[in-house]
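Shown next, in structure tokens, is the structure this report addresses.
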2 protein chains.
Amino acid sequence: MTSVSIIGSGNVGWHLAHVLCRRGFEIHSCFSRNFSKAETLAKEVKAEPVDQLNQVAQYSDLYLVAVTDDAITAVFTELDKVVVGKTIAHTSGAFPLVTALKKNKSAVFYPLQTFSKAKKVNFSNVPILIEADDNVQEKALETLAMSFSSRVQRISSEQRAQLHVAAVFACNFSNHMLYLSDTILKEKGLNFDLLMPLVNETISKLNSLPPKEAQTGPAMRNDQKTIEKHLALLSDYDQKKIYQIITNHILKTHKTQ
Amino acid sequence: MTSVSIIGSGNVGWHLAHVLCRRGFEIHSCFSRNFSKAETLAKEVKAEPVDQLNQVAQYSDLYLVAVTDDAITAVFTELDKVVVGKTIAHTSGAFPLVTALKKNKSAVFYPLQTFSKAKKVNFSNVPILIEADDNVQEKALETLAMSFSSRVQRISSEQRAQLHVAAVFACNFSNHMLYLSDTILKEKGLNFDLLMPLVNETISKLNSLPPKEAQTGPAMRNDQKTIEKHLALLSDYDQKKIYQIITNHILKTHKTQ
């Protein structure tokens, strides 16, 4: 595989288009329903912008479909009418391998990372998780992924779905804990920046300890007096409820396991 | 202040004794109810081990009391009978300034970090939060803290208590999210290490974005189909409940604010 068309101009499509362009792959088409978005990305990666799927270049080796999960089936079905004998891969963590293609091979090319356009991503250690109709496709996608990542792995749809829900806890939910922390500090005119050394150390510990062993704090010590003080300090009902539920779960999981 | 005695040989006392010793402060006594623990630490920082508070050296400028919150009042009261005209400071985030001292000055010297003996801490950016009976004490403690940290700040007991509950969310609760993530992965034979680039990027984003703006994921997008898929995948009742509560709170806080 040496040429790619990118379907979708969101965060994932944008970052994949850029890294593939940097690694010397030819990007043929950049598709977005919003033509000006397609145009912006296409210009950056020297491709053709299109806003209709039937205008997408027919000679790319790979069609990377980075659209919302809701749109994947429709886009795959439409592309299957436009191109023949190619590989069409979606980039979603939660969506299974599409099995409805008639004229093309179906695959998954899932980069396990959180992407924002504003922030450059170092792809060299981003896990690229691959699944495909057959071994030949998997091998070809692996070779392509290994051009920019050292962590390429084949996994099943079932494992990918599990990984995706685990990633929600590890990324979105831990970020929400930091958001709550920020909100609590702001009430007393304190800056979140004060907590960053603690946050960095919390994560840095995980290079040498599993999360269970790295746990510290009042719940871990079953320090009920501090827990009560904290609950009395929290003025917001939701914050109190979340504090209680997570504290109880730390108590429970560190006692029974 | 050039000399210190350390009361308590837990993680905080251990790390503070070591950094002060490295910075050239004289450590007189290391106290622990468990003599062999006092002895181990004392040997490392060239001090005298004691297991009775009335045996603590009487000529230290500062007595750093790094004991559990429950023991602080008793230790302060006992030390106040042993030494005169000195500064006695506790190192707790959740405990207020002790106001019951008769012959000594009371202070707080709170290092905002998560400590494990097994892991060396770079103290240079650990916030040291100070409170004392008077300005002279505060200034002296600031000077001492600035010998090893560039982030020394005076804060009130009220602010410190708020910071402590915020730190529980930022450190203990985010670590628990990572623990849940690890548990979910293990069920399908997947390794937590796969998620570390995502976790590192989640935290790295916070150098340029506040947590609220850094939020991504199905709850943030109000992607109900993915949320339902995730709930169906989670086999454990508690995991399901935590998923629902945090998802609902992300939906609520990103809609109404």
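The values are calculated or read from the model by the stated rules, or taken from the named source; none is laboratory data. Predicted model, so just to flag it, every value in this text is computed and none were measured. Glycine also receives a Cβ, built like all others from the backbone with ideal geometry; neighbour counts cover every protein chain displayed. These accessible areas exclude ligands, DNA and RNA; they are computed on the full protein's heavy atoms, side chains included. Shrake-Rupley method; radii C 1.70, N 1.55, O 1.52, S 1.80 Å.
Of note:
- If the condition is being assigned to a strand (DSSP E or B) and either over 25 Å from the mean Cα position of the chain (by Cα) or over 17 Å from B:F115 (Cβ atoms) (or both), then region B:14-57 contributes B:E26, B:I27, B:H28, B:S29, B:F31, B:E48, B:P49, B:V50.
- Verdict on A:A47 being within 18 Å of B:R221 (Cβ to Cβ) and buried (at least 21 other Cβ atoms within 10 Å of the Cβ): no
- Count - residues of region A:1-13 that are in a loop (DSSP other than H, G, I, E, B) and surrounded by fewer than 24 Cβ atoms within 10 Å (Cβ to Cβ): 3
- Test for B:K139: is it part of a helix (DSSP H, G or I) and either within 19 Å of B:F31 (Cα to Cα) or not polar (S, T, N, Q) (or both): yes
- All of B:T247, B:T183 fail the test of being among the β-branched types (V, I, T), closer than 25 Å to A:Q215 by Cβ, at pLDDT 95 or above and over 27 Å from the mean Cα position of the chain (by Cα), apart from B:T247.
Okay, residues lined up against (1) touching a Lys or Arg at 6+ places or on another chain (Cβ under 9 Å); (2) free of Cβ contacts under 8 Å to residues at least 24 places away in the same chain:
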{"site": "A:A17", "(1), (2)": "no, no"}
{"site": "A:L20", "(1), (2)": "no, no"}
{"site": "A:C30", "(1), (2)": "yes, no"}
{"site": "A:R33", "(1), (2)": "no, yes"}
{"site": "A:V65", "(1), (2)": "no, no"}
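- Within region B:183-251, helices (runs of 4 or more DSSP H) holding 2 or more residues that are facing another protein chain (nearest Cβ under 7 Å) and open to solvent by 60 Å² or more (accessible area, probe 1.4 Å): B:224-233
- Within region B:101-123, tally of residues that are under 27 Å from A:D193 (Cβ atoms), small (G, A, S) and touching an Asp or Glu at 6+ places or on another chain (Cβ under 6 Å): 0
- Positions within region A:96-109 being within 25 Å of B:M220 (Cα to Cα) and in contact with a Phe, Trp or Tyr (Cβ under 9 Å, 6 or more places away or on another chain), in sequence order: A:V108
- Residues (more than 15 Å from B:L112 (Cβ to Cβ) and outside any helix (DSSP H, G or I)) located in region B:142-154: B:S147
- Residues satisfying the stated conditions in region A:135-159, i.e. within 14 Å of chain B (Cβ to nearest Cβ) and either at pLDDT below 95 or open to solvent by 40 Å² or more (accessible area, probe 1.4 Å) (or both): A:S150, A:R151, A:Q153, A:R154, A:I155, A:S156, A:S157, A:E158, A:Q159
Per-residue answers, yes or no, for (1) touching a residue at least 24 places away in the same chain (Cβ under 8 Å); (2) touching a strand residue (DSSP E or B) at 6+ places or on another chain (Cβ under 9 Å); (3) open to solvent by 40 Å² or more (accessible area, probe 1.4 Å):
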residue: A:F95; (1), (2), (3): yes, yes, no
residue: A:V98; (1), (2), (3): yes, yes, no
residue: A:L101; (1), (2), (3): yes, yes, no
residue: A:F109; (1), (2), (3): yes, yes, no
residue: A:S116; (1), (2), (3): yes, no, no
residue: A:S124; (1), (2), (3): yes, no, yes
residue: A:I130; (1), (2), (3): yes, yes, no
